[in-house]
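For reference, the structure is listed below as structure tokens.
The values are calculated or read from the model by the stated rules, or taken from the named source; none is laboratory data. All of these numbers come straight from a predicted model, not from anything done at the bench. All Cβ positions, glycine included, derive from the backbone under ideal geometry; neighbour counts span all protein chains shown. Accessible surface is based on the protein model in full, side chains and every heavy atom, while ligands, DNA and RNA are left aside. Shrake-Rupley method; radii C 1.70, N 1.55, O 1.52, S 1.80 Å.
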Amino acid sequence: MATETGQQTGGEADQGPFTRWVGSAIRNPAKAYRALFYVALVFFLFTTLFPLYWLLVLAVTPQRNLQDIFLTPNGFNPGVFIEVFETVPFHIYMLNSLLLAVITTAIVLLLASLAGYVFGRLEFPGRAPLMLAILAISYFPPAAFLVPLFRLFTGNVAVAGINSPTWYNTPGAMVMPFSALFMPLSIFILSTFYGQIPEGLEDAARVEGTTRLGALFRVIMPLSAPGVATAGVLTFIAVYNEFFFSFLMNDGQVAQSILGIVSSSNHWAPLLQGVLAFQTQYGSLYNLMAAASIIGVLPVAILVVVAQEKIVSGLTAGALKE
Amino acid sequence: MGNVTLEHVTKRYEDVTAVDDMNLEIRDGEFVCLVGPSGCGKSTTMEMVAGLTKPTEGQVYIGDRNVTNLPPKDRGIAMVFQNIALFPHMDVYDNISFGLRLRNYDKEEIDRRVDHASDIVQLEGMLDRMPDEMSGGQRQRVAIARAIVRQPDVFLMDEPLANLDAKLRVHMRTEIQRLHKQLETTVIYVTHDQAEAMTMSDRIAVIDSGELQQIDPPLVCYNEPANLFVAGFIGSPGMNFIDGDIVDDGFVADKYEVEFDPSRFGLSSGDDVTLGIRPEDVYPVQNAGRIANQSKEIRARTDVLEPMGNEIFVYLVVDEDAETDLDKPGSGGRLLMSVDPDSDVEEDQEMSVILDRERVHLFDTATGEAVQHGLVEASEFGSASAQAEGDD
């Protein structure tokens with residue numbers, strides 16, 4: 001370092017531009033930090049945005065040109081986004097996914113509210129270990145209980161002579177594991193929020209005529225709206241993005257019309273199966289798969305744009321609890 | 001209707017007994033204050049009446065119903081909280097009508113009652129405000145309106161004025177009294193401020209360490225405290241206490257001598273007693289002309305004066321070597337005297353004072369129980385306290 005500064009002061013004229021920059025950065029470290037910041041920024045932007053760009057490139061390149069593309073689309077075929085819906089009933093796959101996510105979110109918010117009330121507002125022995133145990137569930141690898149769950153949902157487990165219900169291919173087979181996996185985070189978020197609502201407000205509600213449950217839903221939940229929104233949005237996104245059970249707990253079939261969803265419980269393949277439906281035994285329609293992926297990302301992207309402020313404030317509010 | 005009875009009510013938490021075998025009988029329409037120092041169990045007692053806390057033992061009755069196991073909403077009570085506890089996400093109208101809406105009253109009835117209640121607490125024209133747009137006093141009035149709108153049998157008020165500033169507190173004190181007169185509903189009022197209790201209530205229940213010490217009208221608690229705790233708690237500043245012994249012709253302590261015949265009060269020579277005397281019953285000798293029953297003179301030096309306007313508190317040093325009363329209550333080394341504002345007293349002045357024997361209280365030092373109020377009985381002078389005792 002000393003020698004570098006020595007050189008720097010020795011003769012500026014015969015140094016290259018890089019050496020000169022290094023010299024000035026040493027005298028002014030903020031410059032180096034700024035440079036590193038831009039390096040990191042470019043790196044993260046590239047790793048997050050390039051896959052999306054690549055999807056777009058794949059999607060708009062006509063099928064026959066797919067063999068030779070480099071960084072830019074080879075040809076331009078925007079019709080692919082309509083073709084997606086013509087080839088398979090992709091809108092029904094999407095609707096299935098949205099419905100599954102909404103149902104799971106509703107179940108999670110309801111049950112996690114009850115649990116969050118208990119963990120956040122009541123004192124009882126073993127509260128902390130129990131909370132840890134619940135959080136541990138969310139880190140459990142789904143692969144570990146896939147086989148038993150599959151046997152259970154296909155009616156192959158008998159307890160006292162009664163076979164388990166055949167839930168394979170129904171929404172239940174997906175909603176149940178989703179709820180179990182994504183519940184712990186919501187419980188954690190909601191318990192910190194509910195714990196911050198003053199005791200007096202709950203007492204007041206109970207004296208005024210609610211039960212404890214009534215106080216939870218009429219006073220504590222509305223006052224914890226940012227927390228409830230955070231838990232809800234995170235659950236929704238997690239379910240919508242889920243791969244494992246979405247792939248394995250159904251046969252990939254969907255109803256042929258929107259009304260068909262309501263009438264049958266057997267056609268609940270989510271978005272993921274919709275993308276995979278372009279992969280047939282005769283070949284893979286990569287441009288359609290890419291277009292379908294882009295369409296599939298849209299609802300979550302919109303949700304995040306709308307709710308991101310709430311999510312961030314919700315997460316930090318929990319973290320900053322004094 | 002609105003009478004409240006507590007029978008052997010006890011509340012134990014893991015390591016502490018918050019309320020210990022409390023028996024209380026509150027009549028319909030009565031205004032009763034529960035007073036005591038922080039942590040004495042008065043709030044727990046109220047929570048058990050409200051149903052927010054379940055007693056470990058004992059029964060709670062409201063009216064003729066045993067409500068011990070009923071949830072708060074079914075007890076016919078309304079409560080005003082120390083932290084006011086308005087629902088911050090609802091406007092004033094929704095706050096006041098919350099209980100009525102839960103009970104499915106029809107819209108017109110709700111409107112009529114909300115109007116009436118907001119009329120009583122003077123909240124007209126504020127019904128669409130949010131709680132955070134209101135001042136402390138306004139919020140407290142909304143809380144009171146929320147309580148009266150349901151026409152409960154019993155009002156519970158848990159230090160409702162504690163968070164208000166001093167001036168507003170005095171104002172709201174009168175408001176609540178006016179309200180009680182108007183509604184004629186039973187009120188149970190928790191406070192640690194004995195001045196509030198003295199001025200507002202029909203009867204005061206003094207509570208200490210989870211036990212009921214005395215429940216009587218304010219002036220009885222003041223003039224005839226049941227024990228040392230009540231004597232020290234009621235009245236501001238508190239009573240002077242002097243530990244001493246009974247001898248054949250009265251009470252003696254280091255610097256004090258009060259003559260009386262111990263046998264008349266069931267005392268005998270050698271008993272340990274604590275003498276209690278309120279500051280206003282201590283007189284400088286020169287002002288004591290009209291006091292019929294004086295104790296022996298006590299030599300003292302004035303220490304600090306606190307002129308209050310209508311009276312002067314004089315801190316007297318009776319024994320220079322004794323520790324202060326704060327360090328060791330009952331030593332008798334310090335004595336607090338209240339004199340007229342026009343009295344001729346200065347700091348660091350030697351003077352003699354006397355105690356009014358009619359107003360002296362004697363307590364058993366060991367148990368703290370009151371032995372005698374006033375050392376002159378009815379047959380001799382007809383003092384007020386002796387008469388009251390005769391009535392019993």
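Taking every protein chain into account, the 1.4 Å probe leaves B:Leu336 with about 20 Å² of accessible area, to the nearest ten. Pairs of Cα atoms in the protein assembly as shown fall into 20 Å distance bins, from 0 up to the last occupied one, in shares of 13, 29, 26, 18, 12, 3, 0 percent.
Which whole-number percent of Cα pairs in segment A:110-173 have a distance greater than 19 Å? That tail contains 55 percent of the Cα-Cα pairs. Largest GNM mean-square fluctuation among A:Ile189, A:Ile134, A:Ile82, using chain A with Cα springs under 10 Å: A:Ile82. Considering only the Cα atoms of segment B:203-288, their convex hull presents on average a projected area of 7.0 nm².
For the chain pair B and A, the interface hides roughly 1600 square angstrom of accessible area in total, found with a 1.4 Å probe. Chain B gives an Rg/Rh value of 1.05, both radii derived from C-alpha positions and Rh following Kirkwood. Shown for segment B:237-391: the carbon plus sulfur share of the solvent-accessible area, taken with all protein chains present and a 1.4 angstrom probe, equals 43%. When +1 charges are put on Lys and Arg Cβ atoms and -1 charges on Asp and Glu Cβ atoms, the dipole computed for the protein assembly as shown relative to its Cα centre reaches about 6400 debye.
Compute a Gaussian network model of chain B, connecting alpha carbons closer than 10 Å, and tell me which residue from B:Asp158, B:Asp243, B:Asp15 fluctuates the most. Sorting by GNM fluctuation, first place goes to B:Asp15. Counted by Cβ distance under 10 Å from B:Val60, the other residues give a net charge of +2, where Lys and Arg count +1 and Asp and Glu count -1.
Placing one equal scatterer on every Cα of segment A:191-313 and applying the Debye formula, the log10 ratio I(q)/I(0) at q = 0.18, 0.19, 0.20, 0.21 Å⁻¹ is -1.00, -1.05, -1.10, -1.15.
Between the C-alpha center of segment A:225-261 and that of segment B:3-55 there is a gap of 53 Å. Evaluated at q = 0.17, 0.25 Å⁻¹, a Debye calculation over the C-alpha positions of segment A:20-100 (equal weights, vacuum) places log10 I(q)/I(0) at -0.84, -1.08.
Could you work out the Rg to Rh ratio of segment B:211-359, with Rh taken as the Kirkwood radius (inverse of the mean 1/r over all Cα pairs)? Intermediate results must be reported in sequence, preceding the final value.
Values: Rg = 15.3 Å, Rh = 16.0 Å.
When Rh is taken as the Kirkwood radius, the ratio is 0.96.
Against the empirical 2.2 N^0.38 Å (N residues), segment A:85-224 has a Cα radius of gyration ratio of 1.33. Of A:Arg34, A:Arg212, A:Arg121, which has the largest mean-square fluctuation in a 10 Å C-alpha GNM of chain A? Comparing A:Arg34, A:Arg212, A:Arg121 in the GNM, the peak value goes to A:Arg34.
For the segment A:195-206, counting C-beta atoms of other chains within 10 Å of every residue's C-beta and taking the mean gives 6.
Show B:Arg334, B:Arg112, B:Arg290 ordered by accessible area, largest first, where the area counts protein heavy atoms only and the probe is 1.4 Å.
Listed by decreasing accessible area, they come as B:Arg290, B:Arg112, B:Arg334.
Taking every DSSP helix (H) stretch of at least 4 residues in chain B, weighting each as -39,500 (n - 2.57) and dividing the sum by the residue count yields a mean residue ellipticity at 222 nm of -7000 deg cm²/dmol. Helices in chain B that qualify as membrane-span-like (whole DSSP H runs, Cα extent of at least 15 Å along the helix axis, mean Kyte-Doolittle hydropathy of 0.0 or higher) are B:92-102. Short to long, the 5 Å bins of the Cα pair-distance histogram for segment B:4-232 hold 1, 7, 15, 18, 19, 16, 12, 7, 3, 1, 0, 0 percent of all pairs.
Taking chymotrypsin sites (Phe, Trp or Tyr not before Pro) in DSSP loop states with no more than 16 other Cβ atoms inside 10 Å as exposed sites, chain A has its longest site-free stretch at A:140-242. The mean number of partner chain beta-carbon atoms within 10 angstrom of a residue's beta-carbon across peptide B:148-156 is 1.
Annotation: A:Leu213 carries an accessible surface of approximately 90 Å², with a 1.4 Å probe and no ligand, DNA or RNA atoms counted. Using heavy atoms of the protein chains and a probe of 1.4 Å, the accessible area assigned to B:Arg113 is about 30 Å².
Compared with the rule-of-thumb size 2.2 N^0.38 Å for a compact globular protein, chain A has a Cα radius of gyration ratio of 1.36. Counting only DSSP beta bridges with both residues in the protein assembly as shown, tell me the antiparallel percent, nearest 5. Taking every DSSP beta bridge within the protein assembly as shown, about 75 percent pair in antiparallel fashion. Relative contact order of segment B:237-391: 25 percent, from C-alpha pairs under 8 Å at least 6 residues apart in sequence.
Sorted largest first by accessible area at a 1.4 angstrom probe radius, with every protein chain in place, the residues B:Leu179, B:Leu212 fall in the order B:Leu212, B:Leu179.
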